[in-house]
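First the structure, in the form of structure tokens, and then the observations on it.
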Amino acid sequence: MKDVDETSRHLRLLTETIAAVNSSLDLHEVLELVARKVADALGTDACFVYLYDEGSGELVLRATHGSRVEEMTRTPRMRPGEGITGTAAAERAPVMIAAQAHLDPRFKLFPNLPEDEYESILAVPILAREKLEGALNVRTRDPRTFTGAEMELLVAIASQVAQTIEHAKLYAAAQRRVVELEALARISEAVSESLYLEESLEAIVKTTMESLHATGAALVLEDGKVAWPEGRAGEHAVRLPLRWKGRRIGELVCDRDTPFSDDDRALLEAIAHHAAVALEHGRALMRGVLAQEIHHRVKNNLQSVASLLRLQARAENVDPRKALQESVNRILAIAAVHEVLTEHREDDVDIAELVDRLRAMLVQGLVSGKDVSAELAPVSLGGQQATALALVFTELFQNALEHGGGRVSIALGRRDGEVALTIADDGEGMHGDGDGTGLSIVRALVRDELRGSLDLRDESGLRAEVVFPA
């Protein structure tokens, strides 16, 4: 009768334990339930549940009940065959020690796991169709001899738990896959929708951090430039190359305080592939936009040159050689703007640098030297404004060199939110009414392109000042 009652009780405990652990598909929750329910079912003081990591070939402690792992230390792990629990896993059979388990030669001590305070231990493997999924053990502080029925109960529980663990692993893998697909979908969307490379790279880095729970991430381009660094460095780092058609075009860097799993690395490889596509896609788009912008600028400047030549052709009583030289200087002024834009690869032009180049170019043709001084403050303008100002400066400075005295001064700066360019000489001042071809060009450019004003004054020579909004 007693045996019937014990069998009935064990069957009830088995049913209750399996029902409990099957109530969730979250692997961490399942393992915590296993530890608690197994300890309760057998009336033990503690239970330790290990999972088998196929990658490292180790049993890793994943859940405990009745005792805990001290924090700030490594997670206990052992290979099958190590320790009493590892022996049960390796031999695929229960191992029971009734007293002084810590004195058994197979006992493996972990500094952060207080197992030596327990007298007895019963360890069994967790097997799913002979495949090792892990191992678990129960312990008591007082000596205890586990009966054959109790050992059979724990083996039966472990066998059913193996199926639950397998399902939970599959669920966890599916969840990871969903996270991966969502991350890659966000990256693909950012790459396809954004017209700007910077936006695509920023989205990739931020998505990498969110998906991998990383402390930091960055994309490093082949020239060593770091694009969109986010967060901070961690204890562990993964660096993956970005490759396009066999050529390395950059690197994806990801940092984390916890180690990266094989699944994490697989996701990072997929992100690196998308990053390479985004990088090349963005560059191709930029090259197309840049080519279009260059064609647009060239067309506009050629139209400007044609207009200047027509204006010059309509002028009467003009020395052809002098007119040709003036036209050459105007074309060179436009070329100087393109040169600065190309050298710096920016949309804005440093006007101080441009004016200094034009000054040096125009002074070269002088037979007798003149004293030219310049005070040039940093001023940046867009390409169209810079071209107009280059032509204005060329006309005014050329006029000062030809008709001024021995000294010419140039000043460039900002004044009350506006840009001011002043060219003054110590010559005889303005000749005539100032309606020559050169000044006609200057007035038209200042009025129509710069939206500013031109002021000409006789002040011990001619002082020309152009003021326009920046």
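Report yes if some residue within region 103-114 is aliphatic (A, V, I, L, M), more than 15 Å from VAL60 (Cβ to Cβ) and in a strand (DSSP E or B); otherwise report no.
No: region 103-114 contains no residue that is aliphatic (A, V, I, L, M), more than 15 Å from VAL60 (Cβ to Cβ) and in a strand (DSSP E or B).
Inspect region 132-139 for any residue being open to solvent by less than 10 Å² (accessible area, probe 1.4 Å), of a type in the set (A, V, I, L, M), under 18 Å from LEU61 (Cα atoms) and more than 47 Å from the chain's Cα centre (by Cα) and give the result as yes or no.
Yes, there is a match, as at least one residue in region 132-139 is open to solvent by less than 10 Å² (accessible area, probe 1.4 Å), of a type in the set (A, V, I, L, M), under 18 Å from LEU61 (Cα atoms) and more than 47 Å from the chain's Cα centre (by Cα).
Considering (1) out of contact with any Phe, Trp or Tyr (no Cβ under 9 Å at 6 or more places or on another chain); (2) of a type in the set (A, V, I, L, M, F, W, C); (3) crowded, with 21+ Cβ neighbours inside 10 Å, say which one LEU122 fails and leave the rest.
That leaves (1) as the condition not met.
For region 362-409, name all the residues that are open to solvent by 20 Å² or more (accessible area, probe 1.4 Å), in contact with a strand residue (DSSP E or B) (Cβ under 8 Å, 6 or more places away or on another chain) and β-branched (Val, Ile, Thr).
Residues satisfying the conditions are VAL363, VAL372.
Taking region 11-57, which residues are crowded, with 19+ Cβ neighbours inside 10 Å and part of a strand (DSSP E or B)?
Across region 11-57, the qualifying residues are ALA46, CYS47, PHE48, VAL49, TYR50, LEU51, TYR52.
Quick check: anything in region 218-228 within 9 Å of the chain's Cα centre (by Cα) and open to solvent by 50 Å² or more (accessible area, probe 1.4 Å)? Steps first, answer last, please.
Just the residues of region 218-228 that are within 9 Å of the chain's Cα centre (by Cα), to begin with: 218-220, 226-228.
Add one more test, that the residue is open to solvent by 50 Å² or more (accessible area, probe 1.4 Å), and what stays is 226, 228.
There is at least one residue in region 218-228 that is within 9 Å of the chain's Cα centre (by Cα) and open to solvent by 50 Å² or more (accessible area, probe 1.4 Å).
Given GLY81, GLY134, which one is in a loop (DSSP other than H, G, I, E, B) and in contact with a helix residue (DSSP H, G or I) (Cβ under 9 Å, 6 or more places away or on another chain)?
GLY81
Is it the case that some residue within region 390-413 is over 14 Å from ALA333 (Cβ atoms) and free of Cβ contacts under 8 Å to residues at least 24 places away in the same chain?
Looking for residues that are over 14 Å from ALA333 (Cβ atoms) and free of Cβ contacts under 8 Å to residues at least 24 places away in the same chain, one finds at least one in region 390-413, hence yes.
Could you grab the pairs with beta carbons closer than 7 Å, sequence gap of 6+ or different chains, first residue in region 211-230 and more than 16 Å from ALA278 (Cβ to Cβ), second one hydroxyl-bearing (Ser, Thr, Tyr) and modelled with pLDDT of 75 or more?
ALA214/THR208
The values are calculated or read from the model by the stated rules, or taken from the named source; none is laboratory data. Since the structure is predicted, the reported quantities are computational estimates derived from the model, not experimental observations. Ideal geometry is used to build each Cβ from the backbone, glycine not excepted, and the neighbour counts take in all protein chains shown. Accessible surface is based on the protein model in full, side chains and every heavy atom, while ligands, DNA and RNA are left aside. Shrake-Rupley method; radii C 1.70, N 1.55, O 1.52, S 1.80 Å.
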